[in-house]
Every structure is written in structure tokens, then in C-alpha cells.
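Student: So that we are looking at the same thing, I have put the structure below in C-alpha cells.
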Amino acid sequence: MAARHSRTRRISSPAGIAATAALGVALAVGGTVGAVHLTSGTDSRPVAIELTPSTVPTSLAPSSPAASPSPSVTPSATASPTLTRSPQAASRGKARTAAPKPTVKRTTPAPKVVDSGSCGASFYSDGQLTANGETFNPDALTAAHKTLPFGTKVRVTNPANGKSVVVRINDRGPFVDGRCLDLSRAAFADIASLDVGAMTVRYEVLG
């Protein structure tokens, strides 16, 4: 057997040099490297190239994948506090009582005294109609006066016992000297005995 040998050729043409370089790049990318001996010279003959397979440089071997970063620890969610019901009974089961209403005290202002004096007073219990057209009622708290307007209120006080009564003027009289008021039987009985018949009283005309 003839021994294998490699021959060295000179490549002088630019096209040959470019083709040789391209072939070397292709072999490097494909995983093999050829032993190419290029020498410059004037020989323009075709070049025989012997390719010898070799191992891929470790620098071209795919590097091992980098270790993936460890997943970050996600903070655990804190459970919301649980609502608890009060052991007390529901308000619907309790008896309800109405709120007390505030007591409003209404005070009546004291009537204003526009005139006052003293005179004799008597009473009467008979009559058909009063001067203002009402039917006389001996049991009503009314009185007769000579000049006061109808409807005027007069407080009559018995100075002997301090009792007083308020009457409404609805009639005219009395027509006896020394007397200014003629009270109904009921009004006279509130401050004195009917047996007295007549007496001196103190009066206050109320406005």
C-alpha cells in the first residue's frame, strides 16, 4: 500500500485564496476542521486539499445552560379576622317601650289689670234676656255693669275672706246707688253666702 501523504500547494490566485477561506469557514461551522496548508507562490496549478476530521474545539461546544434564578418567595397572605357575633340576644326579641314624650308646660300669662277700685255688689237670679241678647243663666259666671264693654273680664274679690271670682260682663245694671256690679247667683255664691245679699267688693278690670 502506498502511504498517505499530504502535499503542500501554493495558491497564488486571489480567487483560489477566497475559495479556500470560504471553505475553511464552512468546515468550522459544520463541525469539522480541515488541515489546509496554504503557501503563497507563483504556482497557479489546482490545489488538492486534504480534509482531516477533527474534534470540535471545546470553545465551540454549546455551553451548559445557566442555572435559572431561584423563584422568589411570595409572601403568604394573612387571613382576615373572623367576625364573631355578640352573645347578647337580638334586639328584635326584646320588648320595646315607647320613648317618653317631653312634657311641655304651657304657662298662661297673667292678665293685665287696666282698672281697679271698690264698690258695692249684689246678685240676681231672675231674668229673661241680658242686655247683649243672651239668655240669662244664673249658674254662669257673669255680671252686669253700667258702662264696661260686653265681654270684659272683671276679677271680683271679697276682702272679708280673700275669695275671688272672674266674671264676664254681659248685662247692664245695677240701678241702685252705691252699687257698681250685679253678679249672677253662681258668681256671688263663690265668694260669699247668698244670705248676705249685698257687700262691698274690690274689683279689677282685666285687659
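Student: Taking Pro100 as the residue in question, decide whether it is at pLDDT below 95, in a loop (DSSP other than H, G, I, E, B), open to solvent by less than 80 Å² (accessible area, probe 1.4 Å) and not hydrophobic (A, V, I, L, M, F, W, C).
Tutor: For Pro100, the condition - at pLDDT below 95, in a loop (DSSP other than H, G, I, E, B), open to solvent by less than 80 Å² (accessible area, probe 1.4 Å) and not hydrophobic (A, V, I, L, M, F, W, C) - is not met.
Student: A further question on this structure: What are the pairs with Cβ atoms under 6 angstrom where one residue, in segment 179-203, is assigned to a helix (DSSP H, G or I) and the other, located anywhere, is exposed (fewer than 15 other Cβ atoms within 10 Å of the Cβ)? Sequence gap at least six, or different chains.
Tutor: Every condition considered, the pairs that remain are Arg185/Ser125; Ala186/Asp139; Ile191/Lys163.
Student: Filter segment 152-170 down to the residues that are open to solvent by 20 Å² or more (accessible area, probe 1.4 Å) and either at pLDDT below 95 or not in a loop (DSSP other than H, G, I, E, B) (or both) and list them by number.
Tutor: Answer for segment 152-170, where residues must be open to solvent by 20 Å² or more (accessible area, probe 1.4 Å) and either at pLDDT below 95 or not in a loop (DSSP other than H, G, I, E, B) (or both): Lys153, Arg155, Ser164, Val166, Arg168.
Student: Examine segment 125-143 for a residue that is touching a Leu at 6+ places or on another chain (Cβ under 6 Å) and small (Gly, Ala, Ser), and state whether such a residue exists.
Tutor: Yes, segment 125-143 contains at least one residue that is touching a Leu at 6+ places or on another chain (Cβ under 6 Å) and small (Gly, Ala, Ser).
Student: What's the number of the condition Ala140 fails, among (1) closer than 18 Å to Ala198 by Cα; (2) assigned to a loop (DSSP other than H, G, I, E, B); (3) at pLDDT 90 or above?
Tutor: Checking Ala140 against (1) closer than 18 Å to Ala198 by Cα; (2) assigned to a loop (DSSP other than H, G, I, E, B); (3) at pLDDT 90 or above, the one that fails is (1).
Student: What are the pairs, 6+ residues apart or on separate chains, where a residue within segment 130-144 that is of a type in the set (Asp, Glu) has its Cβ under 8 Å from a residue that is surrounded by 14 or more Cβ atoms within 10 Å (Cβ to Cβ)?
Tutor: Final answer for the pair search is Glu134/Asn170; Asp139/Ser184; Asp139/Arg185; Asp139/Ala186.
Student: Say we look at segment 180-197 and pick out the residues that are at pLDDT 95 or above and small (Gly, Ala, Ser); which of these is nearest to Pro149 (Cα to Cα)?
Tutor: Checked segment 180-197; the qualifying residue nearest to Pro149 (Cα to Cα) is Ser184.
Student: Follow-up question, since we're still on this one. Please enumerate the residues belonging to segment 137-151 that are of a type outside the set (Gly, Ala, Ser) and surrounded by 18 or more Cβ atoms within 10 Å (Cβ to Cβ).
Tutor: Correct list: Thr142, His145, Leu148.
The values are calculated or read from the model by the stated rules, or taken from the named source; none is laboratory data. Since we're looking at a predicted model, the values are computed, not measured. Note that each Cβ is placed from the backbone with ideal geometry, even for glycine, and that neighbours are counted across all protein chains shown. Each accessible area value is taken on the protein alone, full model and side chains, heavy atoms only, with ligands, DNA and RNA left out. Shrake-Rupley method; radii C 1.70, N 1.55, O 1.52, S 1.80 Å.
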